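In what follows, a structure is listed as structure tokens, so that the remarks can point back to it.
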């Protein structure tokens, strides 16, 4: 069976909490329905790609928007998906004829939610709209006038979702227009208003970031940073007592905890807790995506033959969103940290090296740009087969690590 590439893109509510994820696949369901027995083929794809077994982990108990083609709809393949999790998203290429409406009504009777993708209104959609729960409007392709017009045309009760919102201004305008849900990369871009200064505890966390990026970690310096900070000490002890470690001896001091953890785990923990604190006023999804990136880059670096540099790849992934977390220019932040030049150059797009190639695979994967994923992975000599499980593992690992923070 072919490898199944699956990425996820968050859908936020007005409070910037994650309402759902759209799941994106390398091959559309349409590509899999050319078998002699299409029902069996679709069932195998869903089962073997862990869509049902692993979907709840992927979406963390939230809804999953899944794109469905006309052929899949007519043949009732969406019924193979769990109705308590999945929102059936009808692609914009589906004409709202009588057969389509009939199948949608059947899905509604079974308890599924229905979304219309890249919606462009015409009277032909009036009947289908009566059975729809969500309407998605592309904010890149739609004119400002069209964005205003659609909320006036959909029936009451249909929730409007603004997709491909790239800036904070897009989100605020969408809210004014009546949109309730938002999908796009606005949350991962910095809103740089002025050069911000860090005071108090936040400055303390930046000191810790500097310390862990030196060639060798000075445990005494780390202890001096952590001990006076009650919250930081608590987080360290809670982390080391988690299921990730199985130390039998009692932890007698902060320094004892640091010695038991070792440099790699210290760096991971310190980076995670520092960015979580500095970005505490940001959407939780931003921090989660940061950690997913870090773990994903670490795993890809390992598969590319850079096992000894795994911590560097982890740090690169973690710092790939630090500008959005701190709302500052990335170059300015990196100038303050003793990070290796090859990592800085990769993050800033100034160097084309293995670090940058791993980062390019990551960014392409997030956007479901499967052609770029395949091409750059080949340059890294990374087999395509290892990428989907690495992504799945990164999601699970990150969700577990962030519990309690």
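Let's see how each residue does on (1) within 28 Å of the chain's Cα centre (by Cα); (2) free of Cβ contacts under 8 Å to residues at least 40 places away in the same chain:
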site: 89; (1), (2): yes, no
site: 92; (1), (2): yes, yes
site: 122; (1), (2): no, yes
site: 125; (1), (2): no, yes
site: 169; (1), (2): yes, yes
site: 174; (1), (2): yes, yes
site: 183; (1), (2): yes, no
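Give me a count of the residues in the stretch 75-100 that are farther than 21 Å from residue 137 by Cβ, at pLDDT 90 or above and part of a helix (DSSP H, G or I).
Here the count works out to 2.
In the stretch 353-363, what residues are over 21 Å from the mean Cα position of the chain (by Cα) and touching a residue at least 40 places away in the same chain (Cβ under 8 Å)?
354, the sole residue that qualifies.
Among 363, 348, which is within 25 Å of residue 385 (Cβ to Cβ) and surrounded by fewer than 16 Cβ atoms within 10 Å (Cβ to Cβ)?
Sole residue among the options that is within 25 Å of residue 385 (Cβ to Cβ) and surrounded by fewer than 16 Cβ atoms within 10 Å (Cβ to Cβ): 363.
Go through the stretch 251-272 and give me each residue that's crowded, with 19+ Cβ neighbours inside 10 Å and under 22 Å from residue 321 (Cα atoms).
266, 267, 268, 269, 270, 271, 272
Please determine whether any residue of the stretch 60-83 is at positive phi, surrounded by fewer than 21 Cβ atoms within 10 Å (Cβ to Cβ) and either touching a residue at least 24 places away in the same chain (Cβ under 8 Å) or over 24 Å from the mean Cα position of the chain (by Cα) (or both).
Yes: one or more hits.
Please go through the stretch 327-339 and pick out each residue that is surrounded by 15 or more Cβ atoms within 10 Å (Cβ to Cβ) and either without any contact (Cβ under 8 Å) to a residue 12 or more places away in the chain or over 16 Å from residue 270 (Cα atoms) (or both).
The answer is 327, 328, 330, 333, 334.
Looking at the stretch 1-19 only, could you name the residues that are touching a helix residue (DSSP H, G or I) at 6+ places or on another chain (Cβ under 8 Å) and either within 24 Å of residue 361 (Cα to Cα) or modelled with pLDDT under 70 (or both)?
1, 3, 4, 5, 6, 7, 8, 9, 10
Consider residue 174 carefully, then state whether it is surrounded by 20 or more Cβ atoms within 10 Å (Cβ to Cβ), at pLDDT 90 or above and in a helix (DSSP H, G or I).
In short, yes.
I want to confirm something. Restricting to the stretch 311-332 and keeping residues that are part of a helix (DSSP H, G or I) and farther than 21 Å from residue 216 by Cα, which single residue is farthest from the chain's Cα centre (by Cα)?
332
Could you check, for the stretch 323-344, whether at least one of its residues is within 23 Å of residue 282 (Cα to Cα) and touching a strand residue (DSSP E or B) at 6+ places or on another chain (Cβ under 7 Å)?
No, every residue in the stretch 323-344 fails to be within 23 Å of residue 282 (Cα to Cα) and touching a strand residue (DSSP E or B) at 6+ places or on another chain (Cβ under 7 Å).
Give the residue, chosen from 350, 342, 366, that is farther than 26 Å from residue 208 by Cα and without any contact (Cβ under 8 Å) to a residue 40 or more places away in the chain.
On inspection, the qualifying residue turns out to be 350.
The values are calculated or read from the model by the stated rules, or taken from the named source; none is laboratory data. Please read all numbers here as calculations on a predicted model, not as lab measurements. Positions of Cβ are backbone-derived with ideal geometry, glycine not excepted, and every protein chain shown enters the neighbour counts.
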